[in-house]
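What follows is a set of notes on a single structure, which appears directly below.
Please treat every number below as a calculation from the coordinates, not as lab data. Since we're looking at a predicted model, the values are computed, not measured. Cβ placement follows ideal geometry from the backbone for every residue including glycine, while neighbour counts extend to all protein chains displayed.
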Amino acid sequence: MNEATIVVPCFNEASRLDRARFLALARDPAVRLLFVDDGSTDGTRAMLGAMKEAGGGRVDFLGLDVNGGKAEAVRRGLHLGIARGAALVGFLDGDLATPPEEMLRLVRAIDAHGAQVVLGARVGLAGTRIDRKMARHYLGRVFATAASMILRERFYDTQCGAKVFRATPALDEALSRPFASRWAFDVELIGRLLVGGGESAALAVSDFVEVPLHEWTDVPGSKLRPTAFARVAADLVRIELELRSLRARRGPDAPHAPDAKE
C-alpha cells in the first residue's frame, strides 16, 4: 500500500489539537502528517514543533507567516507533499471530526477502489455514528445540490474534511494557483480535476469514489459561522464562473485521463 502525506490545516488550534491522537495516527505506516500553521497567533506553532520532535520523523509542519485561510493552507500543504515525492496526499480537519481510524480507511480505499480521488461522505446510514446538527445537515443538502449543479456531476458530500488524492500531474496542475474560495475550495478543486488544465487531462467522474464514513462528529467551536453561508454562496458563483471559463478554453474535445478502473 502506498504511503500518504496527510495535510492538517491549523489556525489557533493550541487549545483543541489532540496531540495524543495525532501522534498515534502518525505511527501507522500508511501515513505521514504535515501540519500547516496558517499564521496562528497563539501557541499552535510551538505545539507543532513539539509534535514534530515526538513524531519520530513521521510528523512535520509548514509555518505560514500570514493567515491566508483554510483553502490556501490546504493547497500549500498538498503542493508540498507532492513536491516531496508522496504517492498519495490528502487532508484532514484538525478538530478530528473525522476520526483517525476513518482517515486510514480512506487511505486504504483509494487502492482498493482503483480510484484517483477518495472523498469521505457523511451519510446517516443504519449502523453508523454520524453526529451532525439537523440544521447543518439540511444546509449541507442544499449546498450539495448547488455543488453538483456547478460540477455537472452528482456528489453527495463535497465538504467533508477528509479526502485522499493520487499525486499526479493533474492534481499538481489543479493546485498550481490559489483557490477563489476560502471555504468551498473542495468544490473548486474537484471541478478543476474534472475539467483539466494545462497539459493535464481531465479526470472522469468514475475516478472519484465517495466512501460513507462509519463515524463523524460535529465538533463544537467550528470557525464557519452561520453568517458565512452568504459568503460561501458568493464563492459558489465565483467557482461556477471559473469552471465555465476553463471549460470554454479547454473545448469539447479536450482529452480525459484513462479510467483508473480499466
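Figures for the structure shown
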item: Cβ-based net charge around Ala146, under 11 Å, with every Lys or Arg adding one and every Asp or Glu removing one; result: -1
item: Tail beyond 27 Å, pair distance distribution of the chain (Cα, percent); result: 34 percent
item: Translational diffusion coefficient (Stokes-Einstein; Kirkwood radius from C-alpha pairs) of region 149-247 at 10 °C, 1.306 mPa s, in µm²/s; result: 108 µm²/s
item: Karplus (6.51, -1.76, 1.60) ³J(HN,Hα), θ = phi - 60°, over region 204-217, in Hz, Gly and Pro reported as x; result: 8, 4, 5, 7, 9, 10, 9, 10, x, 6, 7, 8, 7, 10
item: Calculated [θ] (222 nm, deg cm²/dmol) that DSSP helices of n ≥ 4 give over the chain, each run adding -39,500 (n - 2.57); result: -12500 deg cm²/dmol
item: Residues Thr168, Thr5, sorted so that the one with the fewest Cβ neighbours within 10 Å comes first; result: Thr168, Thr5
item: Distant-in-sequence amide H partners of Glu215 (H built 1.01 Å from N, under 5 Å); result: Arg129
item: 14 Å beta-carbon shell around Ser176, net charge (K/R +1, D/E -1); result: -2
item: Choice from Val74, Val209, Val164 showing the highest fluctuation, given a GNM over the chain with Cα pairs closer than 10 Å; result: Val209
item: Residues Met149, Met47, sorted so that the one with the fewest Cβ neighbours within 10 Å comes first; result: Met149, Met47
item: Leu241 paired with Arg152, simple spin-label distance in nm, labels 7 Å along Cα-to-beta-carbon; result: 2.0 nm
item: Val7 long-range amide H proximity, modeled H, under 5 Å; result: Leu34, Gly90, Phe91, Leu92
item: Mean shadow area of region 60-179 over all directions, Cα convex hull, nm²; result: 9.0 nm²
item: Global size of region 48-128 as Cα Rg and Dmax, reported in angstrom; result: 14.8, 45
